[in-house]
Amino acid sequence: MGVRMYAIIQLTRGYSTRKLEDFYRVTHKQICNRADRFDAEGIDGLHMKPGRGRHPYITSKQKEQLKTDLSKSPETFGYNTANRSGPLLKKHLETVYGTVYGSPAKLRV
């Protein structure tokens with residue numbers, strides 16, 4: 001929020017959006033959109049809106065269950081190891097929750 005506000009301040013001081021996009025590592029369009037929202041809504045326009053970003057693959061209820069799963073040993077679920085790892089978590093999510101994680105190119109049929 002503070003970074004977005006500072007970018008707006010820099011715009012009012014005459015910095016170009018093209019120069020700011022390199023500094024803040026966001027696109028020119030994002031800076032313009034934020035400035036427009038600030039003009040229309042004030043500081044409230046700089047807050048993140050709900051529903052933005054990538055949506056989770058699992059529901060909130062499943063997420064709570066996953067927390068419980070992670071408090072237990074992998075051996076409890078029939079895995080042949082006592083240590084957790086990223087690939088093991090991925091396998092657990094696919095097996096128990098029916099989710100498939102991977103790059104979008106790999107997921108296309």
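The values are calculated or read from the model by the stated rules, or taken from the named source; none is laboratory data. Everything quoted here is computed from the prediction, not taken from an experiment. Because the Cβ atoms are built from the backbone with ideal geometry, glycine has one as well, and the counts that use them run over all protein chains shown.
Just one of (1) modelled with pLDDT under 90; (2) assigned to a helix (DSSP H, G or I) trips up Ala7, so point out which.
Result: Ala7 fails condition (1) only.
So how many residues does region 33-85 have that are of a type outside the set (Gly, Ala, Ser), part of a loop (DSSP other than H, G, I, E, B) and out of contact with any Ser or Thr (no Cβ under 7 Å at 6 or more places or on another chain)?
First, pick out the residues of region 33-85 that are of a type outside the set (Gly, Ala, Ser): 33-34, 36-39, 41, 43-44, 46-50, 52, 54-59, 61-70, 72, 74-77, 79-81, 83-84.
Next, from what is left, pick out any that are part of a loop (DSSP other than H, G, I, E, B): 47-50, 52, 54-59, 72, 79-81, 83-84.
Restricting the remaining residues to those that are out of contact with any Ser or Thr (no Cβ under 7 Å at 6 or more places or on another chain) gives 47-50, 52, 54-56, 59, 72, 79-81, 83-84.
Residues flagged as of a type outside the set (Gly, Ala, Ser), part of a loop (DSSP other than H, G, I, E, B) and out of contact with any Ser or Thr (no Cβ under 7 Å at 6 or more places or on another chain) within region 33-85 amount to 15.
Rundown of residues vs (1) over 18 Å from the mean Cα position of the chain (by Cα); (2) within 30 Å of Arg4 (Cα to Cα); (3) at pLDDT below 90, yes/no style:
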position	(1), (2), (3)
Thr17	yes, yes, yes
Arg54	no, yes, yes
Leu66	yes, no, no
Glu75	yes, no, no
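May I ask you to list pairs of residues, at least six apart or on different chains, whose Cβ atoms are under 9 Å apart, with the first in region 14-37 being on the phi < 0 side of the Ramachandran plot and the second being outside any helix (DSSP H, G or I) and not small (Gly, Ala, Ser)?
Leu20/Val26; Glu21/Thr27; Phe23/Tyr15; Arg34/Val26
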